[in-house]
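The values are calculated or read from the model by the stated rules, or taken from the named source; none is laboratory data. Bear in mind that the values here come from a model prediction, so they are computed numbers and not experimental data. Cβ atoms come from the backbone with ideal geometry, glycine included; neighbour counts cover every protein chain shown. Areas reflect the complete protein model, heavy atoms only, side chains present, ligands, DNA and RNA absent. Shrake-Rupley method; radii C 1.70, N 1.55, O 1.52, S 1.80 Å.
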Amino acid sequence: MACRCTEKGMCERDLVRLARANEYFGNSSEDDAAMTNSLNSGKAAVPVHLTSDKEGELDASIDDVHDEITSNISGNKSEVAAAIQRVKEKYDAYCIEDDAYHAEQDQMLA
């Protein structure tokens with residue numbers, strides 16, 4: 001058994017950082033949804049007879065890039081959630097060990 005106060009502090013700092021990252025990805029998801037709506041409404045606003053042949057290619061390219069961004073946001077958000085879970089598990093284990101260590105130290109001093 002050992003004092004785990006340092007490790008607990010590192011976990012707490014990591015959890016704060018990961019929570020911030022999770023919030024950023026949450027905001028990104030909202031922005032991405034708004035972009036999807038904007039892209040779809042923009043495509044629907046132009047009558048077909050007024051579009052050029054290249055416009056379809058441009059729309060497809062934009063959609064491909066947007067789909068990749070959406071996928072990356074989702075994947076990164078999942079990775080952050082998994083990291084939060086791992087750090088929480090480590091933190092809980094450190095707390096148990098640290099509490100036992102300090103209780104033992106208190107008994108030795110009493």
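For the reader, a short list of remarks on this structure follows.
- Inter-residue pairs, beta-carbon under 8 Å, first touching a residue at least 12 places away in the same chain (Cβ under 8 Å) and over 15 Å from T6 (Cβ atoms) and in the stretch 97-108, second open to solvent by 60 Å² or more (accessible area, probe 1.4 Å) and assigned to a helix (DSSP H, G or I), 6+ apart: none
- The stretch 1-27, subset at pLDDT below 85 and not in a loop (DSSP other than H, G, I, E, B), residue surrounded by the fewest Cβ atoms within 10 Å (Cβ to Cβ): N27
- Summed over the stretch 61-79, the residues that are open to solvent by 90 Å² or more (accessible area, probe 1.4 Å) and either within 18 Å of A21 (Cβ to Cβ) or in contact with a Ser or Thr (Cβ under 8 Å, 6 or more places away or on another chain) (or both) give a count of 1.
- Residue list for the stretch 80-106, restricted to those being exposed (fewer than 14 other Cβ atoms within 10 Å of the Cβ), among the charged types (D, E, K, R) and at pLDDT 95 or above: R86, E89, D92, D99
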